[in-house]
Amino acid sequence: MKILAIMLATIAAMAATAHDADAQQRNNDWANYGRYAADNARIKTAGSRPDVVFMGNSITDAWPRMQPELFADGSYVGRGISGQVTAQMLARFRADVIDLAPRVVVILAGTNDIAENQGPVAIENIAANIVSMAQLARANGIVPVICSVLPAAEYPWRKEITDVPAKVRALNTLLREWAAANDCTWVDYFTPMADERGGLPSRLAEDGIHPTAAGYARMASIIEPTLDALLK
């Protein structure tokens, strides 16, 4: 029993050390500039300007792994970071998008803000961060594509967040209206992917948030015609 207690204490100490190390890394690089720093440097050194950069959170982060053929030739580049809110994306937008000089940036963001990953934030301020990314893109000769937030009935890691579908719809409405008023390309994932709850059906996202292979295939079928038109 004494040996078991020592082993458990050791494991707990190791876990605490790892957690502290992760927390220290987040404190030192809140926006996670370091995540793509080496790949950004490689692209700039090679002079291989991508056609499209995908900016986002975990949904964008996983896309190249789940549908590698879409990103295989380097014309599409993923710059998603799991868990991020729009303020973090806005902070790293220059390093991960503008400095790569793509022709188009696809912005899919906001669901983690609604989930309060970094604390409460008003829907209007979430929209403002996304609008700021679009404006920065335009100021640097990059065509912005604003995407609707994907459907979500609830957040598995934030079950205390209520009225999620209504909040997602409210954010999407603000983004769609701004895009229409400012001649910005708008891509609607929500309408063709939502179920009767205003969430994602299990065939498109087993946990209701993160797309399956079928979910990413559906997303690609929605956005690729828009990108093809913009890249002509």
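Scan the stretch 191-207 for residues that are within 21 Å of THR226 (Cα to Cα) and either of a type in the set (Asp, Glu) or surrounded by fewer than 20 Cβ atoms within 10 Å (Cβ to Cβ) (or both) and report the count. Qualifying residue count, the stretch 191-207: 2.
Within the bounds of the stretch 85-97, is there any residue that is in a strand (DSSP E or B), β-branched (Val, Ile, Thr), crowded, with 22+ Cβ neighbours inside 10 Å and at pLDDT 95 or above? No, the stretch 85-97 contains no residue that is in a strand (DSSP E or B), β-branched (Val, Ile, Thr), crowded, with 22+ Cβ neighbours inside 10 Å and at pLDDT 95 or above.
Results for (1) of a type outside the set (Asp, Glu); (2) over 30 Å from THR45 (Cβ atoms); (3) under 16 Å from the mean Cα position of the chain (by Cα), shown as yes or no for each residue.
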position	(1), (2), (3)
LEU100	yes, no, no
GLU116	no, yes, yes
ALA127	yes, yes, yes
MET133	yes, no, yes
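Among the residues making up the stretch 57-75, those that are in contact with a Leu (Cβ under 8 Å, 6 or more places away or on another chain) and free of Cβ contacts under 8 Å to residues at least 60 places away in the same chain are ASN57, THR60, PRO64.
With respect to being in contact with a Gly (Cβ under 7 Å, 6 or more places away or on another chain) and assigned to a helix (DSSP H, G or I), PRO50 falls outside the description. Total residues in the stretch 143-176 satisfying the condition of being assigned to a loop (DSSP other than H, G, I, E, B) and surrounded by fewer than 21 Cβ atoms within 10 Å (Cβ to Cβ): the figure is 11. Looking across the stretch 177-190, the residues that are under 25 Å from ALA139 (Cβ atoms) and either of a type in the set (A, V, I, L, M, F, W, C) or crowded, with 17+ Cβ neighbours inside 10 Å (or both) come down to TRP178, ALA179, ALA180, ALA181, CYS184, THR185, TRP186, VAL187.
The values are calculated or read from the model by the stated rules, or taken from the named source; none is laboratory data. Nothing here was measured: the structure is a model prediction, and the numbers come from that model. Here Cβ is always computed from backbone atoms with ideal geometry, including for glycine, and neighbour counts include all displayed protein chains.
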